[in-house]
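The values are calculated or read from the model by the stated rules, or taken from the named source; none is laboratory data. This is a predicted model, so every value here is computed, not measured. All Cβ positions, glycine included, derive from the backbone under ideal geometry; neighbour counts span all protein chains shown.
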Amino acid sequence: MGVTPVFDVDGLCYDYDNQIPALDHVSLTVRPGERLAILGSNGSGKSTLLKILDGLYFPNQGSVLAFGKPLTEQAFQEDAFNFEFRRRVSLVFQDSDVQLFMPSVWDELAFAPLQLGLGQEQVKLLVESALHDLQIEKLRERAPHQLSGGEKKRVALASVLGLSPDVWLLDEPSAGLDPRSVSWLLDFIHQQGEAGKTVVTATHDLGIVEAIAGRVYVLDEEHRVVAEGTPHQVLADKTLLISSCLMRPVQYRQQ
């Protein structure tokens, strides 16, 4: 038997309010330990797809398997499934302000482990380790809303790192970051991959794709998967990038 995929998505459709299409018959597979990019323009459905993989939304049509088990509303009603899934899979939102809501960075990093029922001493060790690993010790007493965009991104990642998830879902992680913060982010994604973690990144930033992924799916403006391949194959297909609104025609003519 082959290795069970982390996610197996088949014919997935999702409409907002049953009338605004976000995903149209999307099928894809995420393998254990791979770094995968979901590439698409704004509005193509990338964020919606990540939220479905995280069990926050559920499809109107089609199926999603997570670790070989159906990812359904009914499944999350079972405490054992809910606990295990939330421990193994974590989503980092594009807008860090959506994710950060506690009065201090330390409280932010402690929140998720406490919700999973871990003891105070264990939580303290996890928080201190995450502060150190993401080099944000000096921010421990700061309020998240007082931080820069790059600092907020590190805190958002640290709030997940303490759980040591098997799967990272990253939504437009480079958005709003300066070049130094982007460089740090790319190193972080690489480190997670080297550690055997599965990293799925949704982005429209063509400049980071080769650094963050070994395989790429492309969503077009019709919310469909229109290509799958290596970063080199996808980035070399200028016609695909233009038709998917990931590159302007003028960029193609100038090259």
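Between residues in segment 198-227 that are farther than 17 Å from S47 by Cβ and without any contact (Cβ under 8 Å) to a residue 24 or more places away in the chain and residues that are of a type outside the set (K, R) and in a loop (DSSP other than H, G, I, E, B), which pairs lie under 6 Å by C-beta distance while being six or more apart or on different chains?
V226/D220
Can you tell which of H232, H223 is at pLDDT 95 or above, within 26 Å of A66 (Cα to Cα), over 17 Å from the mean Cα position of the chain (by Cα) and not β-branched (V, I, T)?
None of the other options fit; the residue is H223.
Could you tell me whether segment 111-118 includes any residue that is within 26 Å of H190 (Cα to Cα) and touching an Asp or Glu at 6+ places or on another chain (Cβ under 8 Å)?
No, there is no match, as no residue in segment 111-118 is within 26 Å of H190 (Cα to Cα) and touching an Asp or Glu at 6+ places or on another chain (Cβ under 8 Å).
Filter segment 115-127 down to residues that are crowded, with 17+ Cβ neighbours inside 10 Å and outside any helix (DSSP H, G or I), then give me how many there are.
1
Residue check, L186 against (1) assigned to a helix (DSSP H, G or I); (2) out of contact with any Asp or Glu (no Cβ under 8 Å at 6 or more places or on another chain); (3) surrounded by fewer than 14 Cβ atoms within 10 Å (Cβ to Cβ), all met but one. Which one?
Result: L186 passes all but (3).
Do you know which of the residues in segment 66-77 that are assigned to a loop (DSSP other than H, G, I, E, B) and surrounded by fewer than 20 Cβ atoms within 10 Å (Cβ to Cβ) is nearest to the chain's Cα centre (by Cα)?
The residue in question is F67.
Filter segment 137-146 down to the residues that are buried (at least 19 other Cβ atoms within 10 Å of the Cβ) and at pLDDT 90 or above and list them by number.
L139
Any chance segment 145-152 includes a residue that's free of Cβ contacts under 8 Å to residues at least 24 places away in the same chain and either among the β-branched types (V, I, T) or assigned to a helix (DSSP H, G or I) (or both)?
Among the residues of segment 145-152, at least one is free of Cβ contacts under 8 Å to residues at least 24 places away in the same chain and either among the β-branched types (V, I, T) or assigned to a helix (DSSP H, G or I) (or both), which makes the answer yes.
Test each condition in (1) within 28 Å of V30 (Cα to Cα); (2) of a type outside the set (D, E); (3) at pLDDT 90 or above; (4) assigned to a loop (DSSP other than H, G, I, E, B) for L163 and report the one that comes out false.
For L163, the failing item is (3).
Contact list please: Cβ distance under 8 Å, first residue in segment 18-34 and basic (K, R), second residue surrounded by 15 or more Cβ atoms within 10 Å (Cβ to Cβ), pairs at least six apart or on different chains.
Listed by first residue and then by second, the contacts come to R31/P5; R31/V6; R31/T198.
Of everything in segment 96-109 that's part of a helix (DSSP H, G or I) and among the polar types (S, T, N, Q), which residue is farthest from K153 (Cα to Cα)?
Only one residue tops the list, namely Q99.
I need every pair where a residue in segment 98-124 that is at negative phi and touching a residue at least 24 places away in the same chain (Cβ under 8 Å) has its Cβ under 6 Å from the Cβ of a residue that is among the hydroxyl-bearing types (S, T, Y) and buried (at least 17 other Cβ atoms within 10 Å of the Cβ), sequence separation at least 6 or different chains.
Short answer, once both residue conditions are applied: E108/S159; L109/S159.
Looking only at segment 23-65, how many residues end up being part of a strand (DSSP E or B) and either of a type in the set (V, I, T) or over 30 Å from H190 (Cβ atoms) (or both)?
Total satisfying the criteria: 10.
Hey, A195 hits all of (1) of a type in the set (A, V, I, L, M, F, W, C); (2) under 17 Å from P32 (Cα atoms); (3) modelled with pLDDT of 95 or more but one; which does it fall short on?
Checking A195 against (1) of a type in the set (A, V, I, L, M, F, W, C); (2) under 17 Å from P32 (Cα atoms); (3) modelled with pLDDT of 95 or more, the one that fails is (3).
From the list A156, A130, A80, A112, which one is part of a helix (DSSP H, G or I) and modelled with pLDDT of 90 or more?
Being part of a helix (DSSP H, G or I) and modelled with pLDDT of 90 or more holds for just one of A156, A130, A80, A112, which is A80.
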